[in-house]
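The values are calculated or read from the model by the stated rules, or taken from the named source; none is laboratory data. Model, not experiment: these values are computed from the prediction. Neighbour counts are summed over all protein chains in view; Cβ atoms, including those assigned to glycine, are modelled from backbone coordinates with ideal geometry.
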Amino acid sequence: MTIAGRTLVTAGVVVSLAAEAAAWPAALMQSLGRDARRLVPRSLARLMAEREPQIIAEAQRFPPELAQALATDLADGVLRPATVAALEGRASEAVELFGEQRVSEGIIKLGALLRIPADLSDPVLSAGNEGYPSGVVREYYAFVEGSLDKIPVVLDDAAALRLRSRALPAYWQSILGRSRSQSAVIRTELFQNGRVVDHRTIDYRSPVFGVGSLSYSRAVTAIAATWIAVWRDARGDTTRMPRPRQVEPKEGAPPVAPPVRRGPEENPPPPETRQFRVGGR
């Protein structure tokens, strides 16, 4: 079945869900992109940083038909071949621009690919056709955005940074599967006794923090992995790749004091000084 051939009934369900589940808010998407840039070659990171507004704008101009197909597959939990082909086509557009020496346009197109792994890493979007009760998504994103200063950015899968572009579809599917496995936690924790839970009443000890933290690091790693794979196809410079710091528990180390609850405006994550830790899934 082609992307255009999806049923109108399914399309209606997806559209109604999209009104509530709009994916990562703009502030979080910008933060994801900045953190992902710290995992790519420095030359590429610099080119992307210089074009950040254009990259974000391009990511928001996702073709409606492709956005619809991706939303449907996210809800179903499976990336269909037609959707994968369309996503790979978006990546190929960036490579073609580089081949035509249209470097600035290519960087913007490449950067805008962050939309794909970001959506696949978001447990909200893979909650299934039933979605969430009204208000849950709003509270979840508000909690994650307000917790950015407490979320440790962990390299979710170091091997992903060595993937070639042909391996991206299988990798993207694995990302979607892991996001989907966490979707129910958001519903369970943020909708209790028939009421939406105010995000200001929960903190880092809540399972919601665990889901938000894992999905954030998963998105950062997946964005960087996608960028690097396509950048290799374009024969881009892959020297001076950052090396994340390996963090291991120490015997007899004193317990770490719990973080102080503060809003992002009081203690924003320094955009260019994040320390990545190599962690598991």
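Here PRO207 clears all of (1) free of Cβ contacts under 8 Å to residues at least 24 places away in the same chain; (2) of a type outside the set (Asp, Glu); (3) surrounded by 21 or more Cβ atoms within 10 Å (Cβ to Cβ) except the condition numbered (3).
Across the range 35-43, a minimum of one residue is classified as assigned to a helix (DSSP H, G or I), under 14 Å from the mean Cα position of the chain (by Cα) and of a type in the set (Asp, Glu). The residue that is surrounded by the fewest Cβ atoms within 10 Å (Cβ to Cβ), among those in the range 105-138 that are charged (D, E, K, R) and more than 20 Å from ALA75 (Cα to Cα), is GLU105. SER181 falls short on exactly one of the conditions (1) in contact with a helix residue (DSSP H, G or I) (Cβ under 7 Å, 6 or more places away or on another chain); (2) farther than 22 Å from GLN30 by Cβ, and that condition is (1).
Against the definition (in a helix (DSSP H, G or I), of a type in the set (D, E, K, R) and farther than 16 Å from THR221 by Cβ), how does ARG166 come out, yes or no? Spell out how you get there, then give the answer.
On the way: in a helix (DSSP H, G or I): yes; of a type in the set (D, E, K, R): yes; farther than 16 Å from THR221 by Cβ: yes.
So ARG166 fits the description; yes.
Only residues that are touching a residue at least 12 places away in the same chain (Cβ under 8 Å) and more than 21 Å from ALA222 (Cα to Cα) were counted across the range 117-131, and they come to 3.
Which ones in the range 45-94 are hydrophobic (A, V, I, L, M, F, W, C) and over 19 Å from the mean Cα position of the chain (by Cα)?
Quick first cut of the range 45-94, residues hydrophobic (A, V, I, L, M, F, W, C) only: 45, 47-49, 55-57, 59, 62, 66-67, 69-71, 74-75, 78-79, 82, 84-87, 91, 94.
Matches in the range 45-94: LEU47, ALA82, ALA85, ALA94.
Do the conditions hold for ALA22, that is, is it within 27 Å of ILE151 (Cα to Cα), surrounded by fewer than 15 Cβ atoms within 10 Å (Cβ to Cβ) and at pLDDT below 90? Considered against the rule, which asks whether it is within 27 Å of ILE151 (Cα to Cα), surrounded by fewer than 15 Cβ atoms within 10 Å (Cβ to Cβ) and at pLDDT below 90, ALA22 comes out as yes. Summed over the range 148-184, the residues that are buried (at least 18 other Cβ atoms within 10 Å of the Cβ), over 23 Å from GLY33 (Cβ atoms) and not polar (S, T, N, Q) give a count of 1.
Of all the residues that make up the range 162-210, how many are of a type in the set (Gly, Ala, Ser) and within 15 Å of ALA127 (Cα to Cα)? Break it down into steps so the answer makes sense when it comes.
Of the residues in the range 162-210, the ones of a type in the set (Gly, Ala, Ser) are 165, 167, 170, 174, 177, 179, 181, 183-184, 194, 206, 210.
Imposing the further condition that a residue be within 15 Å of ALA127 (Cα to Cα) reduces the set to 177, 179, 181, 183-184.
Of the residues in the range 162-210, 5 are of a type in the set (Gly, Ala, Ser) and within 15 Å of ALA127 (Cα to Cα).
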